[in-house]
Amino acid sequence: MEVKIGTSTLAIVEGDITKEETDAIVNAANSGLRGGGGVDGAIHRAGGPAIMQECRAIGHCPTGQAVITTGGNLKARYVIHTVGPVWSGGNRNEANLLRSAYLESLKLASKKGLKSVAFPAISAGAYGYPLNDAARIALRTAADYLKDHPEIERVRFVLFGKPMFDIFSEELEKIKETRA
Ligand code: ADP
């Protein structure tokens, strides 16, 4: 499922982000860049130790910010590591921090001259963000960015499992309607 935004494409697919052929995949990292479970663990396992070595040299990434490493053994050339907020009820600036995680990742991609970026559902796993809200913020932030940044030609959300894909597709339909 996809929507055209100017000359760019915003798409959602069900799949495993570690297999993506794209300029960069985004990792839902923790602020210590230490790896861990979920998509973070999967990316480091598939990408090999070079990515962790670069993460150690960078050291730290605050919530809502993003850093970049090479893609190691992945098909993707780069991994952008961003840190989404831990959901703690909604009064801790979670929405702005989640928006910022997507935005800073996209800005980094633009700065590096990358044309295609793939995202997982940041904060929507262990960090506990309510799923529909997480999907809406993800898609709206990407759509708004693409409107003003045609240098990014393709943003794909690679969702792990049908339930998450369905949630994103519901939210993407709403975006299509408001843009029609
Ligand atoms: P966070 O700590 O930011 O919540 P998680 O890794 O726990 O990050 O979960 C984020 C999302 O990534 C979840 O929807 C999870 O199902 C998904 N995920 C886990 N492994 C993969 C993978 N290989 N590819 C894409 N998404 C994945």
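Things to note:
- Ala109 being within 13 Å of the chain's Cα centre (by Cα), at pLDDT 95 or above and more than 18 Å from Phe168 (Cβ to Cβ): yes
- Count of the range 1-35 residues which are free of Cβ contacts under 8 Å to residues at least 60 places away in the same chain, outside any helix (DSSP H, G or I) and within 12 Å of the ligand (Cβ to nearest atom): 4
- When the range 79-94 is filtered for residues that are surrounded by fewer than 20 Cβ atoms within 10 Å (Cβ to Cβ), in contact with a Gly (Cβ under 9 Å, 6 or more places away or on another chain) and not small (Gly, Ala, Ser), the ones remaining, listed by number, are Val86, Trp87, Asn93.
- For the range 159-180, a residue qualifies if it is of a type in the set (A, V, I, L, M, F, W, C), in contact with an Asp or Glu (Cβ under 9 Å, 6 or more places away or on another chain) and either surrounded by fewer than 20 Cβ atoms within 10 Å (Cβ to Cβ) or more than 16 Å from Thr141 (Cα to Cα) (or both), and the qualifying residues are Leu159, Phe160, Met164, Phe165.
- All positions within the range 164-178 that are among the charged types (D, E, K, R) and either within 16 Å of the ligand (Cβ to nearest atom) or in contact (Cβ under 8 Å) with a residue 12 or more places away in the chain (or both): Asp166, Glu170, Glu171, Lys174, Lys176
- In the range 145-163, the residue that is nearest to Ala11 (Cα to Cα) out of those that are within 11 Å of the ligand (Cβ to nearest atom) and of a type in the set (A, V, I, L, M) is Val158.
- Residues that are crowded, with 20+ Cβ neighbours inside 10 Å and in a loop (DSSP other than H, G, I, E, B), drawn from the range 95-126: Leu114, Pro120, Ala121, Ile122, Ser123, Ala124
The values are calculated or read from the model by the stated rules, or taken from the named source; none is laboratory data. Computed from a prediction, not measured in an experiment: that's the story for all the values here. In this analysis, Cβ positions are derived from the backbone assuming ideal geometry, glycine residues included, and neighbour counts consider all displayed protein chains.
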